[in-house]
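Below is one structure, written out as structure tokens; the observations come after it.
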Amino acid sequence: MGLDVRRLDARAVLVAVSMIVSGAAVFFGLFVGFSCIQFWTTDATEFANAFTYGGATVTQYPLSIFPREVMVALTFVIPVAFVNWYPALFVLGRDDPFGMPQWLQLASPPAAVVTVALSLLVWRTGVRHYTSTGS
């Protein structure tokens, strides 16, 4: 029942390596993006932590234990499914139990780019409109 090492071709190794880099970039984007909430609120650290550290906790489990709605949210709203779920399906040669398109298994790099780009846009907007308390 374990991983068949003979099945690991160059594409699977490339996806595994990109999973590490893309996963780091996704979490970087989430940390920066949710930290930017501090520009507009006085104390939103717990709100940001719910998504960043909560997302890290979710990645410890296979998404198949969650309802489909949660999986869709973790794919298209808070894209932590691209950190390990989709790349792992590709490396293991498994179909998505939710029936999502197979191309999502290779979409971690674009998801990381979009996440980082959106977070930097929010950062830039926050810095541009930031006003100090004057103290």
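Readers should treat all values here as calculations from the given coordinates under stated rules, not as data from a laboratory. On a predicted model such as this, the values are computed, not experimentally measured, just so you know.
Using each residue's phi in the range 78-86, evaluate 6.51 cos²θ - 1.76 cosθ + 1.60 at θ = phi - 60° and report the 3J(HN,Hα) Karplus result to the nearest Hz, with x for Gly and Pro.
10, x, 6, 5, 7, 6, 9, 5, 5
Given Cα positions, please report Rg to Rh for the range 5-128, the hydrodynamic radius being the Kirkwood one.
1.02
Could you give the length gained by full extension between residue 56 and residue 123, i.e. 0.36 nm per residue of separation minus their alpha carbon distance, to one decimal place? If you can, show how the numbers build up before the last one.
Details: separation 67, 0.36 × 67 = 24.12 nm, distance 2.17 nm.
Net length gain for the segment: 21.9 nm.
Taking the alpha-carbon centroid of each part, what is the distance from the range 20-36 to the range 62-135 in angstrom?
Result: 9 Å between the Cα centres.
Helix-only mean residue ellipticity at 222 nm, the chain, DSSP H runs n ≥ 4 weighted -39,500 (n - 2.57), per residue, nearest 500. What is it?
Value at 222 nm, helices only: -19000 deg cm²/dmol.
Over the chain, with a Gaussian network built from C-alpha contacts below 10 Å, which listed residue (79, 101, 87) shows the highest mean-square fluctuation?
Sorting by GNM fluctuation, first place goes to 101.
Based on C-alpha coordinates, I'd like the Rg and Dmax of the range 48-105, in Å.
10.9, 34
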